[in-house]
Amino acid sequence: MRDFSLDIYRTLLEALQAKGYRLISYADYLKGEERKATDEKLVILRHDVDARPQNSLKTAQIEHSLGAKATYYFRVGKESNDPQAIKAIAQLGHEIGYHYEDMSLCGGDVDQAWSHFQTWLDYFRQYYAVETICMHGAPTSRYDGKDLWKKYDYKTLGIIGEPYMDTDFSKVFYLTDTGRCWDGYKVSVRDKIPQYQDEWTAKGLVWHTTPQLLRAIEEGRLPQQVMITTHPQRWTNDSALWWKELVLQNCKNIIKKLWIRN
Ligand SMILES: [Zn+2]
């Protein structure tokens, strides 16, 4: 089975369920009692829909067929913002959120970014009662999207949480497929959890491929509470797309891109 295929994604979810993990959305995590009870086994399924929204519909269908609920964060640009996909994913019972990058889009102007944020939050709320938002941490952007929250508060708009701001990472272990591997935090500027990553690394909670991660799950080495972030454009059974992701999105190429920018 190819890594980063839809088949192995399904296998990953099934392996988690077989070990007793509940697969839940970010909003449900924030609202639930699990947040306090660290012995409850759960995985928050977070998807950053950076591109190819139709791929997200495929992972959404797989999750739905397994009784899992996930959160899909959409960007404003047309590479992500596909109303048909948003509606279809919401209809499958998943959570929809706003994958914001207003600081970048407004050239770092915090007041303009706040107004842009509200406009687009209202836009996504046409399709779903959005309760959570998540920063799009483009490695090539000069701006940190979270800087908006130094001046403004999303909670005034009825937003209950932002994964980077409102998750207790002393209890929730974090995994991301950034760099098309599970240890891409090494090359990512923003998609990492600085204060806990060293602790996790010291405990050996580091895997490169999905088969390695699957083995760890089977051996009971995964922590009780986890947030798994994936970019569904990367997970495909389509051969041409699969090769494209392999060539363009691997860790080495991301290092190169960062090196050129700096
Ligand atoms: Zn993103």
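The values are calculated or read from the model by the stated rules, or taken from the named source; none is laboratory data. As the structure is a computational prediction, the values presented were derived from the model and not from experiment. Every residue, glycine among them, receives a Cβ derived from its backbone with ideal geometry; neighbour counts consider all protein chains shown. In case anyone asks, the SASA skips ligands and DNA or RNA and just uses the protein heavy atoms, side chains included. Shrake-Rupley method; radii C 1.70, N 1.55, O 1.52, S 1.80 Å.
Under a no-solvent Debye model with one identical scatterer per Cα of the chain, what's log10 I(q)/I(0) at q = 0.14 Å⁻¹?
Values, matching the q order: -0.98.
Calculate, axis by axis, the spread of Cα positions in segment 116-206 along the three principal axes, and write the results as whole Å, longest axis first.
The principal-axis extents, from largest down, are 43, 29, 27 Å.
Over 22 Å between Cα atoms, which of LYS69/LYS151; LYS31/LYS151; LYS150/LYS171; LYS31/LYS192; LYS171/LYS192; LYS58/LYS155 qualify?
Table pairs above 22 Å Cα-Cα are LYS69/LYS151; LYS31/LYS151; LYS150/LYS171; LYS31/LYS192; LYS58/LYS155.
Suppose all protein chains stay in the model; what accessible area per residue would a 1.4 Å probe give for the chain, in Å²?
Normalised by residue count, the accessible surface of the chain is 44 Å².
Below 13 Å, Cα to Cα, which aspartates and glutamates can LYS186 reach? Residues fewer than 8 away in the same chain don't count.
ASP177, ASP198
ARG234 accessible area, nearest 10 Å², 1.4 Å probe?
Estimated to the nearest 10 Å², ARG234 gives 10 Å².
Classify segment 10-164 as rounded, prolate or oblate from the Cα gyration tensor: take a ≥ b ≥ c as the square roots of its eigenvalues, call it rounded if a/c is under 1.5, otherwise prolate when a/b beats b/c and oblate if not.
Taking the square roots of the gyration eigenvalues as a ≥ b ≥ c, segment 10-164 is prolate.
Given R₀ = 51 Å, what would the calculated FRET efficiency be for GLN17 paired with TYR152, taking r from the Cβ atoms and rounding to 0.05?
0.85
How large a share of the accessible area of segment 125-203, in percent, is made up of carbon and sulfur atoms when the probe is 1.4 Å and the other protein chains stay in place?
48 percent
To the nearest 0.05, what FRET efficiency results for LYS78 and ARG215 with a Förster distance of 41 Å applied to their C-beta separation?
0.55
Stretched out fully, how many nm does the piece from LYS87 to LYS186 gain, at 0.36 nm a residue minus the Cα gap?
Once the chain is fully extended between LYS87 and LYS186, it gains 32.1 nm.
What distance in nm separates the simple spin-label points at GLN112 and VAL247, each placed 7 Å from Cα in the Cβ direction?
Going from the GLN112 label point to the VAL247 one covers 3.7 nm.
Using a 7 Å offset from the Cα along the Cα-to-Cβ direction at both ALA37 and ASP238, what is the distance between the two label points in nm, to one decimal?
Placing both labels 7 Å along Cα→Cβ, they lie 4.2 nm apart.
Counting helices only, and only those DSSP H runs with n ≥ 4, report the 222 nm mean residue ellipticity of the chain as the sum of -39,500 (n - 2.57) divided by its residues, in deg cm²/dmol to the nearest 500.
-11500 deg cm²/dmol
What list of ³J(HN,Hα) couplings, whole Hz, do you get for segment 48-64 from phi and the Karplus terms 6.51, -1.76, 1.60, once you set θ to phi - 60° and write x for glycine and proline?
Per residue, the Karplus-derived 3J(HN,Hα) values read 9, 8, 6, 7, 6, x, 5, 5, 5, 4, 5, 5, 4, 5, 4, 4, 4 Hz.
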